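Following: one structure in structure tokens, then a few remarks.
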Amino acid sequence: MYKYLISIVLLMTLSDNYDLNSNVLRLINELLSGVTEASDFRLQINQFSTTKVRNLFRDSLPQFSSKLRDKFVAIFLKHFFNNRQIEFNDLWKFVGYRDFWCQVKKFHDFIYSRDMNFNNVIQYFERNLLRGNTKPRFGYLEKKIIEWMDKNPSILNKEIANKLDVSQKKVSIIIKNLKTKGIFLGSLVDYKRVDSFEFFSFSNVTKNKKDILFFDEYTLFPNFKLTQGVLAKKINDNSLFYVLNKKTFCNVKPLNHGISIQDWQEHVIIDKAKTNPSICINKDAKLEVIMNKEYILHLMRNCEIDFKKPNIAEISQRYSISTRTLFRAKTKLKDQGIINPRLIIESDELMTLLVISDKELLELYNKVPYIKTYQIQAISDGTRWISFLSIFVQDFKFLYPLINKKAEIFQIIIKKRKELLKSNSISVIQSEHKIYTN
């Protein structure tokens, strides 16, 4: 009986210790993730044993060397427990910054490597705290939704809501707010598969206007213009650069955590297995039987801009096609790889660059928040690459010297979307059979 009581007491003690550790770890994780402000954290953490908190905080930073961990633990205890016996170290000057503890977590998880010395560590925090960098700020749920949309573009709001334990309405509101910030679910579209031709041009394209289905106009700094469009038929014009291939990368970690390209480049080992981007155009792929209707192109164009809500009602009314037919068409186009849902970044809070180069910018694919690149070719010319980059504004000074000698670089000031395609004006998709019916 006595042994039995001892066992019960031991189990209760272990259970209490487990609960205590869990509460402390929860508070530490909330501090490092930005959920809890430092002032609130101080009030809550002081009810626990300093030794226990110290040990658990130290264990939260396993990637750091023992010496670096000791420096972070020292300023942690000095700041939150007012331990006057601990001497200052060079990290102390950063502690008063609101985002410092979040930066510690980010630095630990994504940036730090064992070959870094203490000066490298100090330089990181100077770059990201002392110099007043401004980067997009996302809340916890926003970051998670961005991650899920990137990982699985076809994921339903209901699935996201279940994963995050929130309502579908909450998810819908956040996705809508993200779209206002220029982060949305669009598509890569393979226009070649429907006998139409995507192109770029720095020249006036109005002479070919009757053959252009729709186009985007870019105003480039200081006063250049670029047109990106889709033609109903290929035109023998040397001012047009036809798209042979296109790829896209959305790098969620740099975007969500505000990781500067210089930090990402210097201290993160890129997984070569992940450097093959999503390829939209497959030269050898043949279009399965598809309807020879103009509304298919309008549907594709709309899915390129908004995959989940491609103005089905408007297209249905314009072409007198049932919404059921359009939804079936969208599914078929997706299944055949003609439209590929992708997370798109066109945020005003980022700097958008147009880079024209002779070679593919492979070194940037995993290091900038967003890149979309096109392999292009004129009728009587070799291939080149046009890339659209979304970067943090403060990264431009670092990036420019790296690529300016091997590329032309422009800042995109304005982008305007235009449509010229009119019902019954052209027939761009050739097929002998129909697979969709009203």
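Scanning the range 325-365 for residues that are of a type in the set (K, R) and touching a Pro at 6+ places or on another chain (Cβ under 9 Å) turns up K330, K334, R342.
Out of all the residues in the range 148-201, which are among the polar types (S, T, N, Q), buried (at least 16 other Cβ atoms within 10 Å of the Cβ) and either more than 21 Å from the chain's Cα centre (by Cα) or on the phi > 0 side of the Ramachandran plot (or both)? I'd like the intermediate steps shown before the answer.
Within the range 148-201, the subset among the polar types (S, T, N, Q) is 152, 154, 157, 162, 167-168, 172, 177, 180, 187, 196, 201.
Subset that is buried (at least 16 other Cβ atoms within 10 Å of the Cβ): 157, 187, 196, 201.
Residues satisfying the conditions are S196, S201.
Of the residues N133, N82, only one is modelled with pLDDT under 90, under 16 Å from A38 (Cβ atoms) and polar (S, T, N, Q); which? Checking each option against the conditions leaves just N82. In the range 372-393, the count of residues that are more than 19 Å from K192 (Cα to Cα) and of a type in the set (K, R) is zero. In the range 310-336, the residues that are in contact (Cβ under 8 Å) with a residue 12 or more places away in the chain form Cβ pairs under 7 Å with partners that are small (G, A, S), at six or more places apart or across chains, as follows: R318/S423; Y319/S423; S322/S316; L326/S316. Tallying residues that are within 15 Å of K179 (Cα to Cα) and crowded, with 19+ Cβ neighbours inside 10 Å within the range 110-147 yields 3.
Total residues in the range 43-65 satisfying the condition of being more than 11 Å from L25 (Cβ to Cβ) and within 34 Å of the chain's Cα centre (by Cα): the figure is 6.
Going residue by residue through the range 299-315, is there one that turns out to be farther than 19 Å from I261 by Cβ and in a strand (DSSP E or B)? Steps first, answer last, please.
So the first thing to find is which residues in the range 299-315 are farther than 19 Å from I261 by Cβ, and the list is 299-315.
Retained after the next criterion (residues that are in a strand (DSSP E or B)): none.
No, the range 299-315 has no match at all.
Scanning the range 219-252 for residues that are basic (K, R) and crowded, with 17+ Cβ neighbours inside 10 Å gives K246, K247. In the set I386, I345, only one residue is touching a Cys at 6+ places or on another chain (Cβ under 9 Å), of a type in the set (A, V, I, L, M) and surrounded by 19 or more Cβ atoms within 10 Å (Cβ to Cβ); that residue is I345. Looking at N89, N29, which is the one that is among the polar types (S, T, N, Q), modelled with pLDDT of 90 or more, open to solvent by 70 Å² or more (accessible area, probe 1.4 Å) and more than 23 Å from W264 (Cβ to Cβ)? Selected residue: N29, the only one of N89, N29 that is among the polar types (S, T, N, Q), modelled with pLDDT of 90 or more, open to solvent by 70 Å² or more (accessible area, probe 1.4 Å) and more than 23 Å from W264 (Cβ to Cβ).
The C-beta contact set for the range 177-191 (first residue among the aromatic types (F, W, Y), second residue surrounded by 21 or more Cβ atoms within 10 Å (Cβ to Cβ), distance under 7 angstrom, 6+ apart or interchain) comprises F184/I344; Y191/E198; Y191/V230. Quick one: what pairs do we get from the range 398-420, first residue in a loop (DSSP other than H, G, I, E, B), second of a type outside the set (A, V, I, L, M) and open to solvent by less than 90 Å² (accessible area, probe 1.4 Å), C-beta under 7 Å, 6+ apart or different chains? These pairs meet every condition: K406/S357; L420/F214. Selection of the range 58-86 for residues being of a type in the set (K, R) and open to solvent by 60 Å² or more (accessible area, probe 1.4 Å) yields K67, K71, R84.
With a cut-off of at least 3 residues that are within 19 Å of the chain's Cα centre (by Cα), modelled with pLDDT of 90 or more and farther than 20 Å from D190 by Cα, name the strands (runs of 3 or more DSSP E) lying wholly within the range 333-391.
Values: elements: 339-345, 351-357, 370-377, 383-391.
Passing ranges, in order: 351-357, 383-391.
The values are calculated or read from the model by the stated rules, or taken from the named source; none is laboratory data. The structure displayed is predicted, hence computed values, not measured ones. Counting neighbours? That spans all protein chains shown, and the Cβs are built from the backbone with ideal geometry, glycine included. Side chains are part of the model used for accessible areas, which takes the heavy atoms of the whole protein and leaves out ligands, DNA and RNA. Shrake-Rupley method; radii C 1.70, N 1.55, O 1.52, S 1.80 Å.
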